[in-house]
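Q: Can you read through this structure? Questions will come right after.
No value in this document is a laboratory result; all are computed from the given coordinates. No experiment lies behind these values; they were computed from the predicted model shown. FYI the Cβ positions are ideal-geometry reconstructions off the backbone, even for glycines, and counts take in every protein chain you see.
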Amino acid sequence: MSAEADHVYDVVIVGAGSGGYACALRAAQLGLTVALIERDKLGGTCLHRGCIPTKALLHAAEVADVARDGARFGVQSSVSGIDMPTVLSYQQSVVSRLYKGLQGLVKSAAIDLIDGDARITSPTTVSVGDRVLTGRNLVVATGSTSRTIPGVTIGGRILSSDEALRAEGVPASAIVLGGGVIGVEFASAWRSLGAQVTVLEALPRLVAAEDPAISKQLTRAFTRRGITVRTDTRVTGVTQDDAAVTVEIEGGDPLTADVLLVAVGRGPVTDGLGLAEIGVATDRGYVPTDERLRTNVPTVYAVGDIVPGLQLAHRGFAHGIFVAEQIAGLTPTPISDTSIPRVTYCDPEIASVGLTEAQARESDEGVTTYEYSLGGNGKSQILGTQGFVKLVKSSTGQVVGVHMIGARMGEQIGEAQLIVGWEGTPEDVAPLIHAHPTQNEALGEAHLALAGKPLHAHA
């Protein structure tokens with residue numbers, strides 16, 4: 001395909017992360033001509049510095065836990081050490097295989113993949129170096145980057161998630177600043193690999209976006225694992241030297257550790273793109289859109305982490321597919337953040353979809369809930385896990401939220417999403433047969449109980 005300056009693409013996409021490449025692939029499937037611009041690597045943060053490498057690290061940590069606990073199951077195993085260079089090699093091998101596959105998909109789709117920094121120069125043009133690309137539609141998919149707090153600079157013993165993923169050793173001790181998804185995942189992994197870990201969170205509870213019952217259970221589980229959790233804790237300063245990093249705490253004694261991980265969230269990557277210059281409205285760097293992901297400039301769309309809401313790779317995928325179909329003249333169903341499943345891959349695993357109990361009660365005084373303890377689930381007993389499935393039911397009978405914590409709960413979120421997305425009732429789900437013994441069975445048991453016919457649970 002020609003990439004001359006006078007060529008007009010149907011779609012020019014800035015950013016080849018989850019949202020950008022999904023948009024490109026779907027647009028090409030629909031017969032549109034596509035240019036995809038990326039200044040780093042195809043696949044973006046999720047593939048190279050986020051979802052995939054962190055979950056590979058967490059799997060290595062899980063293997064360490066299984067080996068360490070082998071005697072409990074009659075298996076004489078132990079952990080003699082952690083070979084981080086080999087862990088990193090395993091991690092990179094997973095990334096490399098997926099990267100190679102993605103490159104093949106983009107190449108076979110005849111998408112013009114262009115390397116370089118992009119600047120949007122008009123509602124239909126993007127400059128990359130000395131090239132000007134023209135598109136009937138522009139899609140901004142530039143993603144997000146790690147944030148820090150004022151006065152704390154990443155470097156040395158102060159790490160962002162990027163540096164933590166590349167570390168060639170396990171710290172003897174670590175302080176994690178931030179008790180959100182990234183913070184608790186790294187805290188969990190490092191503890192499993194042998195580190196002493198302290199989590200500092202300014203809010204009253206860990207994973208504050210989740211249902212409070214989930215936060216309470218996670219805190220108990222972390223404490224049992226030897227992870228120190230300090231909520232309602234504000235950091236006033238950070239210093240480091242050759243021996244340690246020191247964190248000053250408001251109203252408390254300073255803490256020291258080998259490393260400090262700053263995990264206080266991610267911010268949008270939109271500075272310098274030229275959005276303001278062409279009239280695209282932004283809010284603190286984010287790009288507000290309507291339900292069809294259109295900005296206030298008719299030819300410009302935004303997808304993924306730069307759109308206010310959940311920052312999840314699969315949300316970006318869905319956004320990208322939606323916009324491609326929208327541009328192609330189809331009528332895709334708008335994407336609601338409420339229907340998007342969320343998984344946190346710490347130990348124990350957290351999975352949720354829909355409204356929390358508090359969110360549901362904001363507009364519905366007749367909400368009812370039920371918690372099914374994994375203590376009544378055979379597979380949970382086999383795995384030696386604790387946790388629960390919490391259902392939130394509206395006054396009209398539909399299940400509007402499912403919140404789960406325990407081993408392998410992330411694998412149950414698909415059915416939970418269908419229940420919430422299709423406005424299922426406990427009575428709809430109760431007749432469905434769930435295989436025994438599985439963790440999935442806990443989801444069925446919770447609905448049986450809420451439908452008034454509990455089996456392995458108290459009414």
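Q: When ranked by the protection proxy of mean other Cβ atoms within 10 Å per residue, highest first, what sequence do the peptides 95-104, 445-454 form?
A: Ranking, from highest mean packing down: 445-454, 95-104.
Q: Under a point-charge model restricted to the Cβ atoms of Lys and Arg (+1) and Asp and Glu (-1), what is the dipole moment magnitude of the stretch 1-135 relative to its Cα centre, in debye to the nearest 20?
A: Computed charge dipole of the stretch 1-135: roughly 380 debye.
Q: Lys/Arg Cβ at +1, Asp/Glu Cβ at -1, dipole of the stretch 158-264 taken about the Cα centre: which of V245, T198, L260 is farthest positive-ward?
A: Positive-end residue among those listed: T198.
Q: May I pose another question? Per DSSP H run of n ≥ 4, the term is -39500 (n - 2.57); total these for the chain, divide by its residue number, and report the mean residue ellipticity at 222 nm rounded to 500 deg cm²/dmol. Mind showing how you got there, number by number?
A: Details: 13 runs with 142 residues, N = 459.
When only DSSP H runs of four or more count, the value is -9500 deg cm²/dmol.
Q: Scaled to the compact-protein estimate 2.2 N^0.38 Å, what is the alpha-carbon radius of gyration of the stretch 158-264, rounded to two decimal places?
A: Scaled against compact globular proteins, the figure is 1.00.
Q: Same structure again: Is there a quick way to get the dipole size of the chain? I mean about its Cα centre, with the Cβ of Lys and Arg at +1 and of Asp and Glu at -1; what is the value in debye to the nearest 20?
A: Values: 36 positive and 49 negative charges, 131 e Å.
That gives a dipole near 640 debye.
Q: Please give the peptides 378-388, 26-36 ranked by average Cβ packing (other Cβ atoms within 10 Å per residue), highest first, as a rough proxy for protection.
A: Going from most to least packed, we get 26-36, 378-388.
Q: May I have the convex hull volume per residue, in Å³, for the Cα set of the stretch 348-450? Spell out each step's value before the answer.
A: Working: hull volume 8.2 nm³, N = 103.
About 80 Å³ per residue, rounded to a whole number.
Q: With +1 assigned to the C-beta of every Lys and Arg and -1 to the C-beta of every Asp and Glu, and no other charges, what is the dipole magnitude of the stretch 307-459 about the Cα centre in debye, to the nearest 20? Walk me through the intermediate numbers first.
A: On the way: 8 positive and 16 negative charges, 43 e Å.
It works out to roughly 200 debye.
Q: Next up: Please sort through the DSSP H helices of the chain and keep those with an alpha-carbon extent of at least 15 Å along the long axis and a Kyte-Doolittle average not below -0.5.
A: Numbers: long enough: 18-29 (17 Å, 0.22); 51-68 (25 Å, 0.62); 84-108 (36 Å, 0.09); 181-192 (17 Å, 0.70); 212-224 (18 Å, -0.42); 313-327 (21 Å, 0.37); 440-450 (16 Å, 0.25).
Passing helices, by number: 18-29, 51-68, 84-108, 181-192, 212-224, 313-327, 440-450.
Q: Return the unpartnered cysteines for the chain, using a Cβ-Cβ cut-off of under 4.7 Å.
A: Singleton cysteines: C23, C346.
Q: Quick one: grab Rg to one decimal and Dmax as a whole number for the chain, Cα atoms only, in Å.
A: Reported Rg and Dmax, both Å: 23.5, 70.
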